[in-house]
Amino acid sequence: MKLSFYGAAREVTGSCHGVEANGTRVLVDCGLQQGADNGFGQSFPFHAGDIDYVIVTHAHIDHSGRLPLLVKQGFKGSIYATEPTCKLLGIMLRDSANIQEAEAGWRARKQRRSGDEDVQPLYTAADAEKVFPLLVPCHYGEMIDICDGIRIRFTDAGHLLGSAYVEMWLSENGVDKKLAFSGDIGAPDHPMICDPGYISDADFVVTESTYGDRSRPEAFDTISELAKIIDATLPKGGNVICPAFAVGRTQDLLYYIREIKKRGLVKQCPAFPVYLDSPLASKATKIYSGELLGYLDEEAAALVSAGVQPLSFDNLYFVETSDESKLLNDDRTPKVIISSSGMCDAGRIRHHLKHNLWRQECAVVFTGFQALGTLGRILVDGETSRVTLFGEEIAVRCQIFNFRNMSAHADREDLLKWINHFDPKPEKVFVVHGEHETCKSYTARLIGEGFKAIAPKYSSIHDLITGEVLFEGRDLMRRTEGEYVAPQRDSAIYRRLVLAGTRLIEVITRNRGGANKDLAKFADQIDALAAKWKR
Ligand SMILES: [Zn+2]
């Protein structure tokens, strides 16, 4: 019975954890690495065809974005997720595949011009299509026997529509162990979805730590603050631009704007138009407006049963084509525009920023996490009076607001409350899904509170029966002059070699207890290989 870490180990993206019991191999999440978290590229340190099942905690790409790659490389098993997660995966993985193809096409053109070899996309839209027939939609609270000796249950994590914790009961040779995976834990008082729930017992817990080192800012009334900004901006002839993640944050904004309109909070132009300028966000909004019994909080469920669509209101327009999007910039009617990407590093939002940042009468409202190095972060930090967009210098003169309290992640206090709900304390807590220092500091905090906790390293393997660490794994960050920085980018082929080595370690641990003669032969072969390549 083993637990391995194939992603989000001392990193904040690429969640992917391996569980093995009775010879069956299960992955919990299969996320894409994003941004700076790219130490090992996106390859797996195992054969995709050796994995029997995948369980997905929620649809965010950093928890699901490598599913098409897994299928492309030979995975044929079932993928378990809640019903809304399955629906959201339908749009998000197609979108992710389109991005992969577009980026590879762009890089391939560049490479060809420099005479280098061709670039292939990580996966294509056709690979993404092969994921969907494997999905098994499940419900919160349902006990699911996925095979002999492995049983799971999803519980509402309050982070995104359909998001879940996974409880997993393992049974091997008469020994029973229970695991709990947090996925991403939500923040309380999120529109439409329920507050995060709790789990009361587990032998081992794998917990996220995204905000394990900070507290949420003082709560403020998002609806009235947003209404004030709209009411102050539109009558001056300005636009309110909202960069927002297409799935989750956009729907939160639509929910708040419907409330603003219903309560008549924008006095001077109560019929103000709102343009949703993101095809992915429009598709996600349709899913959020579909049949969601059992997945909505009380307030949203009451609205739906009274015949009110929580995300629908007068003068809401869905912008589909990029030509329609460009036309918005010629139309002088003051309006609210919600567009993505949420961190302004790509997508249609950049056009809207180009046309509005320089106008004093406009406002930009940020509602999500802005990673270091993104245009969004530069704007919220307010450290520049000019930015470059599409090769043009644009002055930053509009008002910029940052609604930091709209986070969809539990803060340190929420995380501690969640982990302290386990009674008795788990045998061990594995801290994942946080920036390097955050993982370590939250782990130290848990140890201080009496937990046995570790921040596992990438590709480490843990025996859940003996408690032994079978393989230490690799820390993807190194310390330089007191600061942790990402390792140097190695060539793709060198990374392949390191992954092959990681696989070898895994094969070694699987041979434990084998016949002495076989083990000696195996050791001789490795020694010979090492001698041959010693430089
Ligand atoms: Zn998430």
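Scoring 260-266, 358-364 by mean Cβ neighbours within 10 Å over their residues and listing the highest first yields 358-364, 260-266. In the chain, the portion of solvent-accessible area held by carbon and sulfur atoms comes to 50 percent [1.4 Å probe, whole percent, DNA, RNA and ligands not counted]. In a DSSP loop and with at most 14 other Cβ atoms within 10 Å, the chymotrypsin sites (Phe, Trp or Tyr not before Pro) in segment 161-259 are Y198, F220. Straight Cα distances below 17 angstrom link K267 to the aspartates and glutamates E225, D231, E259, D314, with same-chain residues fewer than 8 positions distant left out.
For segment 140-198, averaging the sequence separation of C-alpha pairs within contact (under 8 Å, six or more residues apart) and dividing by the residue count gives a relative contact order of 30 percent.
What whole-number value in Å² describes the accessible area per residue of segment 345-475 for a 1.4 Å probe? Per residue, segment 345-475 has 45 Å² of solvent-accessible surface. Of the GluC sites (Glu not before Pro) found in segment 76-176, those that fall in a DSSP loop while having at most 11 other beta-carbon atoms within 10 Å are E117, E142. Average accessible surface for segment 132-171: 34 Å² per residue, computed with a 1.4 Å probe over protein heavy atoms with every protein chain in place.
Between the DSSP loop rule and a limit of at most 10 other Cβ atoms within 10 Å, which chymotrypsin sites (Phe, Trp or Tyr not before Pro) in segment 383-417 are left? When the chymotrypsin sites (Phe, Trp or Tyr not before Pro) of segment 383-417 are filtered for loop state and at most 10 Cβ neighbours within 10 Å, F390 remain. Quick note on segment 170-234: its Rg to Rh ratio, both from C-alpha atoms and Rh being the Kirkwood radius, is 1.23. Apply the Debye scattering formula to the chain, with a single equal point scatterer on each alpha-carbon and no solvent, then give log10 I(q)/I(0) at q = 0.09, 0.10, 0.11, 0.13 Å⁻¹. Log-scaled intensity ratios, in q order: -0.69, -0.85, -1.02, -1.39. Evaluating 6.51 cos²θ - 1.76 cosθ + 1.60 at θ = phi - 60° for every residue in segment 141-147, the Karplus couplings come out as x, 7, 7, 10, 8, 7, 6 Hz, glycine and proline recorded as x. Relative to the Cα centre, the charge distribution of the chain, modelled as +1 at Lys and Arg Cβ and -1 at Asp and Glu Cβ, gives a dipole magnitude of about 1460 debye. Among the listed pairs K130/K283; K2/K72; K440/K521; K236/K354; K76/K178; K130/K286, those whose Cα-Cα separation exceeds 29 Å are K440/K521. Judged by a Cβ-Cβ distance under 4.7 Å, the unpaired cysteines of the chain are C16, C30, C86, C138, C147, C194, C242, C269, C344, C439.
The values are calculated or read from the model by the stated rules, or taken from the named source; none is laboratory data. Predicted model only: the values in this text are computed from it and were never measured. FYI the Cβ positions are ideal-geometry reconstructions off the backbone, even for glycines, and counts take in every protein chain you see. What goes into the accessible areas is simple: the full protein's heavy atoms, side chains included, and nothing from ligands, DNA or RNA. Shrake-Rupley method; radii C 1.70, N 1.55, O 1.52, S 1.80 Å.
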